[in-house]
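Right, one structure below, let's go through it.
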Amino acid sequence: MAMMRLDKVLGDLGIASRSELRQIIRSGRVLVDGCPVTQPEKRIDGERARIVLDGRELSYKKYHYYMMDKPAGVLSVTEDSRQKTVLDLLPGELRRMGLFPVGRLDKDTSGLLLLTNDGDFAHRVISPKSGVWKLYLAKVEGSLGPEDAKAFKNGLSLGDGTKCLPAELELLPEGCCLVKVMEGKYHQVKRMLASCGAPVRELRRLAIGALELDKNLGPGGFRELEDRELKLLFGQDALEI
Ligand code: URA
């Protein structure tokens, strides 16, 4: 890893703001490989150095990956002057890591949302070229039939001429259905279902690739992803419906 300023290494961990970190370092609370370092600008190899703050050993990670059960009613953007965002649901430590949502869920959509500070990763998850399926549970008005599932499979054409990639639709009882898409166009799932005469009343994302939403999180809950789970996103064994 390239040598980085000590305050930047600690900043990437979200411990405190950069100005607070400079004070913390100057006051001698940080040891690097056993020696106190009081210059914030001191360059270190964050991945190899043993960094201790107030007696607690820290492990450096450049990139962070979280999943959230996004509640309906919250925007999936990093900031908004009037409305609550998914970042507002995180504690300060995570807000300082530079996390952003991987793609967008509509304000009224709930379910699996990934948050990261890794732009390449986000692009890979979102890009239809990566072939990562996104699985949604929708509650609709109106009725859907096998001919709609066939139309999904063949690639729907929406009213405005937008052509969709082949997708999957499975009908469930009580006006519910599962939808699997690879792309994330604006209001994609809602527009696809509306074009079949079934406007969406509720939408929830259940999985991305073979990574399922952790049912224990509950609305607004979040947790860090394990390495094993990151691999599930891009594996061949994306969730079957
Ligand atoms: N498709 C939609 O229409 N809305 C979402 O939030 C996600 C997918």
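A compact table of results
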quantity: Top-ranked residue in segment 30-43 [being under 12 Å from Leu58 (Cβ atoms) and in contact (Cβ under 8 Å) with a residue 24 or more places away in the chain; ranked as surrounded by the fewest Cβ atoms within 10 Å (Cβ to Cβ)]; calculated: Val32
quantity: Residue within segment 193-213 that is within 11 Å of the ligand (Cβ to nearest atom) and free of Cβ contacts under 8 Å to residues at least 40 places away in the same chain present; calculated: yes
quantity: Enumerated strands (runs of 3 or more DSSP E) restricted to segment 12-89, each holding at least 1 residues that are among the aliphatic types (A, V, I, L, M), more than 20 Å from Phe100 (Cβ to Cβ) and in contact with a helix residue (DSSP H, G or I) (Cβ under 9 Å, 6 or more places away or on another chain); calculated: 30-32, 51-53, 56-58
quantity: Residues of segment 205-221 classified as assigned to a loop (DSSP other than H, G, I, E, B), open to solvent by 10 Å² or more (accessible area, probe 1.4 Å) and not basic (Lys, Arg), total; calculated: 9
quantity: Boolean, Asp7 is more than 28 Å from Ala207 (Cα to Cα) and either buried (at least 18 other Cβ atoms within 10 Å of the Cβ) or in the same structural domain as Arg191 (by TED's automatic domain parsing) (or both); calculated: yes
quantity: Members of segment 130-161 that are under 17 Å from Pro199 (Cβ atoms) and open to solvent by less than 50 Å² (accessible area, probe 1.4 Å); calculated: Tyr136, Ala138, Val140, Leu144, Gly145, Asp148, Ala151, Phe152, Leu156, Leu158
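The values are calculated or read from the model by the stated rules, or taken from the named source; none is laboratory data. Since we're looking at a predicted model, the values are computed, not measured. Quick reminder, even Gly has a Cβ in these numbers, built from the backbone with ideal geometry, and neighbours come from all protein chains shown. Calculation scope for accessible area: heavy atoms of the full protein, side chains included, ligands and nucleic acids excluded. Shrake-Rupley method; radii C 1.70, N 1.55, O 1.52, S 1.80 Å.
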